[in-house]
């Protein structure tokens, strides 16, 4: 009897310590989550600076294609003839890729400016790393993969279709859709790896940043590019391409609202 009592007491003490430690961890976790929350002021400010960045890049693109930016002239024109609604991009001249490049820089640049103005200075390194993920991982690499993959497919499309005589009518477009899908998926995963590697080499931080649902929106531009290359004569491509500016807004907002991990902030202040 005397030997059993200490064991029971030890078990009770260990259980109590485990519960206490779990409680402390939960409190610390909740504290970190609150510290990592983005204020409404930051979100709103970053949204508008990102909007300005995207609008500026789009205005430069429209001006380059001969559209007037004079408000008085625009108001005298029917809305359907405004450049933002009527512009068409030549896939052979890689105009979609050029558009995405300008919009990406405008969006992410606007997001960074907003983050610098409205957020704490201690979060800027996190925003720089997110900018790399967005520009390289979510936009440039997937775009290059889709562009290269689809142009390679178009080069060999006659041979591919000839080897599949069972495809008739609209079904002949299936190989192109499959090729674009494979190129995009490969680009998404490759881009994420490249973005993380660049951040590790430049900032000496191993984020292991995973692919998020919000990362999918910039890939609308890849879908637009794929459609324009697969169905150059289709009316769908020009219509879908007008969604690109709105889709790339997400990249800038994600950049400007990125927050440094609380444990890193605490580590830096304690060093």
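Computed quantities for the displayed model
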read-out	value
Exposure proxy order (Cβ contacts within 10 Å, fewest to most) of 107, 163, 241	163, 241, 107
Ascending count of other beta-carbon atoms within 10 Å, so fewest first, for 213, 112	213, 112
FRET efficiency, 1/(1 + (r/R0)^6) with R0 35 Å, evaluated for residue 86 and residue 200 via beta carbons	0.20
Full-stretch length increase - residue 39, residue 243 - with 0.36 nm per residue and alpha-carbon distance subtracted	70.7 nm
Bins of 10 Å from zero: percent of alpha-carbon pairs in region 39-270	8, 28, 31, 20, 10, 3, 0
118, 166 arranged by Cβ crowding within 10 Å, fewest neighbours leading	166, 118
Efficiency of FRET from Cβ geometry, residue 76 and residue 155, R₀ 41 Å, rounded to 0.05	0.35
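No value in this document is a laboratory result; all are computed from the given coordinates. Bear in mind that the values here come from a model prediction, so they are computed numbers and not experimental data. Don't worry about glycine lacking a Cβ; one is built from the backbone with ideal geometry, like all the others, and counts go over all protein chains shown.
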